[in-house]
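Here the structure comes first, spelled out in structure tokens, and everything after it is commentary.
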Ligand code: HEC
């Protein structure tokens, strides 16, 4: 029996006890107690009838190494990580976007070498790219690129390499990464 069903049974028996008291007992104080039982029992039954949904954290995504056969497979995993666990899309767009607070990553895989990309992701402060879209002097972006191999994003080395493969692929470059 599920936990909810057990609780419903308990609430139902409390209502039952209340009804029995009201039917068979004349003493006023006990009758009032019986009435309170019925009200409380019905109240619990009502709240237990509301569907319960446990809120669980999102399922951990595991990279299945055995599914990786070609560089395109690596890039596909990188794409998934880019939009989910990596949280890159929170800040970056691929292609121009009005609301982007951070550099557009379109063509980035052609612009930056694999090693430079790796450094941009794991030691982002080493070379800070500025926003040249302004009139006048280029400014720093309003957000800061997080080191994605550290908490809270904390990607593994393979996940980072997969993202690089994805960035290269969507820039039309040959994928120079192997996991
Ligand atoms: C909190 C916002 C934020 C998140 C999340 C974020 N970035 Fe960045 N990223 C930035 C900012 C701001 C810059 C520009 C400043 C700099 O170079 O450090 C940047 C720079 C970069 C650059 C270098 C761009 C260039 O033209 O040199 C790359 C590549 C990059 N990010 C990729 C990623 C990837 C891949 C992820 C996800 C794993 C990611 N970023 C997550 C804010 C973010």
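Entry remark, the range 14-32: residues being part of a helix (DSSP H, G or I) and touching a helix residue (DSSP H, G or I) at 6+ places or on another chain (Cβ under 7 Å) number 9 in total. Residue 74 is checked against (1) part of a helix (DSSP H, G or I); (2) touching a residue at least 40 places away in the same chain (Cβ under 8 Å); (3) away from the ligand (no atom under 16 Å from the Cβ) and fails just one. What number does that condition carry? Only one criterion in (1) part of a helix (DSSP H, G or I); (2) touching a residue at least 40 places away in the same chain (Cβ under 8 Å); (3) away from the ligand (no atom under 16 Å from the Cβ) is unmet by residue 74, namely (3). For the residues 45, 117, the requirement of being touching a helix residue (DSSP H, G or I) at 6+ places or on another chain (Cβ under 9 Å) and outside the structural domain of residue 151 (by TED's automatic domain parsing) singles out 45. When the test is whether a residue is assigned to a helix (DSSP H, G or I) and either over 27 Å from residue 153 (Cβ atoms) or at pLDDT 90 or above (or both), residue 11 passes it.
State yes or no: is residue 39 surrounded by fewer than 16 Cβ atoms within 10 Å (Cβ to Cβ) and not in a loop (DSSP other than H, G, I, E, B)? Taking the combined requirement at face value, the residue satisfies it.
The values are calculated or read from the model by the stated rules, or taken from the named source; none is laboratory data. For clarity, every value in this text was computed on a predicted model and none was experimentally measured. Don't worry about glycine lacking a Cβ; one is built from the backbone with ideal geometry, like all the others, and counts go over all protein chains shown.
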